[in-house]
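Take a look at the structure below.
The values are calculated or read from the model by the stated rules, or taken from the named source; none is laboratory data. Please read these numbers as outputs of a predicted model, since none were measured by experiment. Every residue, glycine as well, gets a Cβ built from its backbone with ideal geometry; the counts of neighbours run over all protein chains shown.
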């Protein structure tokens, strides 16, 4: 009976009420702290960094109370100034919290270098497809005497012979040397043959 008297006593009820008040106060305080530290409900608009230099982009980001981080450069775009912003995330116009990181990619100074693939002793058509697939352009095709018709014998760039494994900038133009199907070691005959016609003397003596 003494237990039931205690839980219904004023002292116990007062302790329960006090515990509830303290709990509510702690929850309210925690919510207020989170609201202050996370700037709850406060957003800033991400500026447009497209085609801006890295310095200009940093200035805009600082003014917006944001942070910037540069990712690995993307493929070179000749339509955009070198070292200018080509991509950003989040996108321009997005609403984000202050101090949010904005990730950007910068246009490199030029096309990246690519490795020349092995195309010697491949057919002209196959070699052209391989070279164009890696980002090179095929210019002129020179034919020389060789038994392998349309077989690639060499690759040139500005007159210099290239070996497989060498590097050139993407979109560079290379020239091909191919065989014309003629065996250079086969005997050759002149097409123009001088025909000597022996003149037949005529007998001018009068006959009977």
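Can you say whether residue 81 is part of a loop (DSSP other than H, G, I, E, B), out of contact with any strand residue (DSSP E or B) (no Cβ under 6 Å at 6 or more places or on another chain), touching a residue at least 12 places away in the same chain (Cβ under 8 Å) and assigned by TED's automatic domain parsing to the domain that holds residue 136, as far as the supplied structure shows?
Working: part of a loop (DSSP other than H, G, I, E, B): yes; out of contact with any strand residue (DSSP E or B) (no Cβ under 6 Å at 6 or more places or on another chain): yes; touching a residue at least 12 places away in the same chain (Cβ under 8 Å): yes; assigned by TED's automatic domain parsing to the domain that holds residue 136: no.
No; evaluated as a whole, the condition is false for this residue.
Could you tell me which of the residues 51, 79 is under 23 Å from the mean Cα position of the chain (by Cα) and farther than 14 Å from residue 105 by Cβ?
Working: 51 fails: farther than 14 Å from residue 105 by Cβ.
Being under 23 Å from the mean Cα position of the chain (by Cα) and farther than 14 Å from residue 105 by Cβ holds for just one of 51, 79, which is 79.
Set side by side, the residues 77, 48 differ, and just one is surrounded by 10 or more Cβ atoms within 10 Å (Cβ to Cβ) and modelled with pLDDT under 95, which is 77.
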